[in-house]
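Read through the structure below, which is laid out as structure tokens, and then see the notes.
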Amino acid sequence: MSLLEINNIEKSFGDLQVLKDISLSIDQTEVISILGPSGSGKSTLLRCMAMLETIDGGDMSYCEEKAVTSVSGLPVYASKTQIKKIRGYFGLVFQNFNLFPHYSVIKNITDAPIHVQKRSKNEVYKEARVLLKKMGLDDKENYYPYQLSGGQQQRVAIARALAMKPKMLFFDEPTSALDPELTGEILKVLRSLADEKMTMIIVTHEIDFARSVSDRVIFMDGGIIVEEGSPKEVIDNPKNERTKAFLKKMSFNS
Amino acid sequence: MKLKKISLSRITVILFIVYVLISGFTFYCAADNSKTFTVGFDAEFPPYGYKDESGEYVGFDLDLAEEVCNRKGWILKKQPIDWNSKDMELKTGAIDCIWNGFTMNGREDKYTWTTPYVDNSQVVIVKKDSGIDDLSGLAGKTVAVQSDSSALAALTDDDATEENKNLAASFKELQQVGDYNSAFLNLESGAIDAICMDIGVANYEIKLRGNLFVMLDKHISSEEYGIGFLLGNTELRDEVQETLWEMLGDGTFIRIAEKWGLESSVCLSSEDSYIDNTVTENSQSLVERFLSISKQLMGGLTASLAIFFLTLLFSMPLGLLITSGRMSKLTPLRWIIKIYISILRGTPLMLQLLVVFFGPYFIFGINTPASYRFYAVIIGFTLNYAAYFAEIYRSGIQAVPKEQYEAADILGYNRRQRFFKIIFPQMVKNIIPSVTNEVITLVKDTSLAFAISYTEMFTLAKQVAAAETTIMPLFIAGIFYYIFNFVVAFVMEYIEKKLNYFR
């Protein structure tokens, strides 16, 4: 079953067209990495899929339910209740974690399941503690975000997203705001999620990680998908010149 | 330790200000080498002294003073004063005399007087159609007098006649007002039923206001006007007195009286002699006076506290409502709120209080009950402070990163939850320093309620200061305000610390 299907997505900021005719389909348990230089549109694509940005053209479906349909070339969003329901299908982990600073770790994780999904408090807390243990943070449940390192905060953010029981998770450069020595702990968490068959779309700069964990790699530049395929095809044997140039630059940097 | 540091730096600041004031004063005195004669007067007391249509200070008393100065070769300085502060002005030498339809009766021992030059009486003014036609008709009514005026003294002083004391006791309320203009506005709007005042001023005001008002036939007292000098300053008094007699002799005095229609009231005579008085010391000890004045101010403190707490109680939530309008997606609503905030921040609070108090009558013709005075204070303060709080809230909301909204949206919170659960607590933390400023300003702003004659602590302090001819009540009021604000600052610091659990 395809969890997410987008067709012919267009997005502009003013005169600048950021996404040009993007189509993509994601199957259950698939792990997809999106690579590309800054300004290539990869983060905008992710934010459109997470419905933080509205699209200017094209259509989107989640779990075979229409979120946006294209009516004579113009995108029409589904009803508010439908969108609200669809929002529950996915979670997003931000580059800057965006934990709620006034909530403790456990409250960050449990508040939305209790007050948005109206689940029982006991059950939610129990699950949250299991998640924290999995993240190696079981001793931190009463800490406030400012008392944690960046890596710990990002793990709480992942736990917060998982507590909503999404069908798929989006990651927007999850390690970019971290010190290099802290990226490892996040990548480890992502790897274990992949092992558990979580459907994930990851915008990242970590080439080695993308190679080892992804089922499929997408290389974007200038608002289009330049190259798409298995890690072996896109990362190890890129066909397109722009992909080659980008990968070369990345390997120099690291 | 931190507390000590703050109060030390405050003391340094206070010392610096005192230094600047003293050095400025010394300079002022040194520069003054030609003889000036500074006359203190209430600029709202026609026809004796007031501001005419061209903005000049004119009047019978000022004309007399001008003539005296011409003859003596002095430079006349017309100094309008706040009537409640007249004794302080005189004591500090800021004015040389009080020359302004100044009643001698009951004040014989407080000043060095010239001989009386006007005979005046205290009369009662009511609205023409009020149905009140004699003094007994004032029973159960609200009657206004100017604070520390002869009318007030005639009704309530220890040496007032029994008849007048009984009359005053029959009133529903004896309201003290700052000036006659607001007294007449009050009378016209029905907030008060009668005004007791000097006959000369009464005649003038009735004529000026198109005979909307009438004077009761029976006077409540008769009295005389003199020129008051600082007790003991006989030298200057004698110079002025001799010049007045000179003016009386050559007919100038009567000519000036005729110019102001006062020829039937003047009574200057070279046969009169001075009142004999000397400086007497107040027998109460400093501590006793401090305590007695503090006790008198307590009633005013309660009123100030009421204004303070009720204003906060209403304006803080109202401010939030206004902010939501200010940040609304509806353009017309946003503009209305913008204009509201602009007006409330752009005009004096004092003016807003006047509009709220007198507006119902003068705009809509609604007669307001006597209790409306207090409500008007609270409404005026609330509307004004809500505008300020609204802008503070807005800055606090805008300081919350937009990613917090996105995180809340991704987790499925609705708009209400997003605001009250996620944005609001962060806003509160952002705005604490600005709110502290605003709350401390409010403590001091409560004194502005005097604009509509609501007796809070500062108004009371001025009245007590006038009655006891000392600045001690003002000083004590200052201490009370400071303590009040010290507590406010302490509480706000506590709240700020409590909110330090997150960053």
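The values are calculated or read from the model by the stated rules, or taken from the named source; none is laboratory data. This structure is a prediction, so every number in the text was calculated from the model and none was measured. Cβ atoms come from the backbone with ideal geometry, glycine included; neighbour counts cover every protein chain shown. Just so you know, the surface numbers come from the protein's heavy atoms only, side chains and all, with ligands and any DNA or RNA stripped out. Shrake-Rupley method; radii C 1.70, N 1.55, O 1.52, S 1.80 Å.
General remarks:
- Residue count for segment A:222-254, restricted to those that are of a type in the set (Phe, Trp, Tyr) and open to solvent by less than 30 Å² (accessible area, probe 1.4 Å): 1
- Scanning segment B:178-191 for residues that are open to solvent by less than 20 Å² (accessible area, probe 1.4 Å) and modelled with pLDDT of 85 or more gives B:Ala183, B:Phe184, B:Asn186, B:Leu187, B:Ser189, B:Ala191.
- Residue match in segment B:428-451 (condition: closer than 26 Å to B:Ile98 by Cβ and either touching a Lys or Arg at 6+ places or on another chain (Cβ under 7 Å) or among the aromatic types (Phe, Trp, Tyr) (or both)): yes
- Residue-level check: of (1) touching a Leu at 6+ places or on another chain (Cβ under 8 Å); (2) closer than 26 Å to B:Trp74 by Cβ, B:Val240 misses just (1).
- In the set (1) more than 22 Å from B:Tyr180 (Cα to Cα); (2) open to solvent by less than 60 Å² (accessible area, probe 1.4 Å), the condition left unmet by B:Lys77 is number (2).
- Across segment A:96-111, a minimum of one residue is classified as of a type in the set (Lys, Arg), within 14 Å of chain B (Cβ to nearest Cβ) and open to solvent by 10 Å² or more (accessible area, probe 1.4 Å).
- Which listed residue is more than 21 Å from B:Ala407 (Cβ to Cβ) and among the hydrophobic types (A, V, I, L, M, F, W, C), from A:Val203, A:Val189, A:Val213: A:Val213
- Which numbered condition A:Ile224 fails, given (1) touching a residue at least 60 places away in the same chain (Cβ under 8 Å); (2) out of contact with any strand residue (DSSP E or B) (no Cβ under 7 Å at 6 or more places or on another chain); (3) more than 30 Å from A:Arg129 (Cβ to Cβ): (2)
- Among the residues of segment B:157-173, those that are surrounded by fewer than 17 Cβ atoms within 10 Å (Cβ to Cβ) and either among the acidic types (Asp, Glu) or at pLDDT 85 or above (or both) comprise B:Asp157, B:Asp158, B:Asp159, B:Glu162, B:Glu163, B:Lys165, B:Asn166, B:Ala169, B:Ser170, B:Lys172, B:Glu173.
- Condition met for A:Cys48 (modelled with pLDDT of 95 or more and touching a Leu at 6+ places or on another chain (Cβ under 8 Å)): yes
- Wholly enclosed helices (runs of 4 or more DSSP H) of segment B:411-503 bearing at least 1 residues within 14 Å of chain A (Cβ to nearest Cβ): B:424-445, B:472-498
- The single condition from (1) surrounded by 10 or more Cβ atoms within 10 Å (Cβ to Cβ); (2) more than 26 Å from the chain's Cα centre (by Cα); (3) at pLDDT below 80 that B:Leu21 fails is (2).
- Odd one out for A:Thr175, checked against (1) away from chain B (no Cβ under 13 Å); (2) touching a Lys or Arg at 6+ places or on another chain (Cβ under 6 Å): (2)
- Extreme residue, farthest from the other protein chains (Cβ to nearest Cβ), among residues of segment A:137-164 that are open to solvent by 50 Å² or more (accessible area, probe 1.4 Å) and free of Cβ contacts under 8 Å to residues at least 40 places away in the same chain: A:Asp138
- Hey, A:Asn122 more than 11 Å from every other protein chain (Cβ to nearest Cβ) and open to solvent by 30 Å² or more (accessible area, probe 1.4 Å) or not: yes
- Among the residues making up segment B:90-120, those that are modelled with pLDDT under 85 and under 20 Å from B:Tyr50 (Cα atoms) are B:Asp119, B:Asn120.
- Selection from segment A:53-94 of residues that are within 14 Å of chain B (Cβ to nearest Cβ) and either in a loop (DSSP other than H, G, I, E, B) or among the polar types (S, T, N, Q) (or both): A:Glu53, A:Thr54, A:Thr81, A:Gln82, A:Gly88, A:Tyr89, A:Phe94
- Checking B:Thr470 against (1) over 30 Å from A:Tyr89 (Cα atoms); (2) polar (S, T, N, Q); (3) touching a helix residue (DSSP H, G or I) at 6+ places or on another chain (Cβ under 7 Å), the condition it does not meet: (3)
- Verdict on B:Ser395 being small (Gly, Ala, Ser), over 20 Å from B:Gly325 (Cβ atoms) and more than 14 Å from chain A (Cβ to nearest Cβ): no
- Verdict on B:Ser54 being among the hydroxyl-bearing types (Ser, Thr, Tyr) and either closer than 26 Å to B:Thr156 by Cβ or surrounded by 24 or more Cβ atoms within 10 Å (Cβ to Cβ) (or both): no
- Residue within segment B:192-202 that is at pLDDT 85 or above and part of a loop (DSSP other than H, G, I, E, B) present: yes
- Here segment A:98-136 is the region considered, the condition is being within 22 Å of the chain's Cα centre (by Cα), in a loop (DSSP other than H, G, I, E, B) and not aromatic (Phe, Trp, Tyr), and the residue that is farthest from B:Glu403 (Cα to Cα) is A:Gly136.
- When B:Ser189, B:Ser222, B:Ser269, B:Ser273 are screened for being in contact with a helix residue (DSSP H, G or I) (Cβ under 6 Å, 6 or more places away or on another chain), in contact (Cβ under 8 Å) with a residue 24 or more places away in the chain and among the hydroxyl-bearing types (Ser, Thr, Tyr), only B:Ser189 passes.
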